1. Where in region 41-127 are there helices (runs of 4 or more DSSP H), lying wholly inside it, with at least 1 residues that are out of contact with any helix residue (DSSP H, G or I) (no Cβ under 6 Å at 6 or more places or on another chain) and farther than 24 Å from residue 159 by Cα?
2. Among the residues of region 119-168 satisfying the criterion of being closer than 21 Å to residue 91 by Cα and either at pLDDT below 90 or assigned by TED's automatic domain parsing to the domain that holds residue 42 (or both), which is surrounded by the most Cβ atoms within 10 Å (Cβ to Cβ)?
3. Need the failing condition index for residue 23 against (1) loosely packed, with under 12 Cβ neighbours inside 10 Å; (2) farther than 22 Å from residue 140 by Cα, just the number.
Amino acid sequence: MFARNEYVFHESGGICRIDDICISPLDSMPPDREYYIAKPLHDPSSVIYIPVGSDRIFMRRLLSRAEAEALLERIPFVRTIEEPNAKLLRAKYVEAMRTHDPLEWVRVIKTVYLRANAQSAKPNRLSETERSFFESAKRFLHTELALALELPEQNMEQYITDYIQNMA
């Protein structure tokens, strides 16, 4: 069970804060069921009502500081997604994002980043879909790492870059 004011990853809301836990917050809900009332960090005007104990909805705790630091150490060794066929590559991005695993977000980010740099000399640019996967993975990863490491989210890209360079 999650606690009030805890941050979690929710399958459709992304990273959320549990604002409250209560029984049937809306009249249309079963009167005997407990719900988490969660607010997505990147859409604070939204509210998500999540049944406590539901096995149909994916939620997980965010990384601890130690887990975040271990993830940072693994980044240089994370393999990219290798797929020359654009349609199959998109399917692999979808599959990676559906795991809701920060390590898979790193794979997506590295893959798109390297593909973008490899294509910079060519007239073909990344598709909007590929760019969208990159932005989602980056937003989720940076937010989760920022919360775990207690750092400002806007500094995460530079922090990750510096961390990896200092490892060498």
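1. Numbers: elements: 65-74, 86-98, 102-119.
In region 41-127, the matching helices (runs of 4 or more DSSP H) lie at 86-98, 102-119.
2. Here is the first cut: in region 119-168, the residues closer than 21 Å to residue 91 by Cα are 119, 124-141.
If we keep only those that are either at pLDDT below 90 or assigned by TED's automatic domain parsing to the domain that holds residue 42 (or both) too, we end up with 119, 124-127.
Details: 119: 12, 124: 6, 125: 11, 126: 15, 127: 12.
Going through the qualifying residues, I end up with 126.
3. (1)
The values are calculated or read from the model by the stated rules, or taken from the named source; none is laboratory data. Keep in mind it's a predicted model, so treat the numbers as computed, not measured. Cβ: placed from backbone, ideal geometry, glycine included. Neighbour counts: every protein chain shown.
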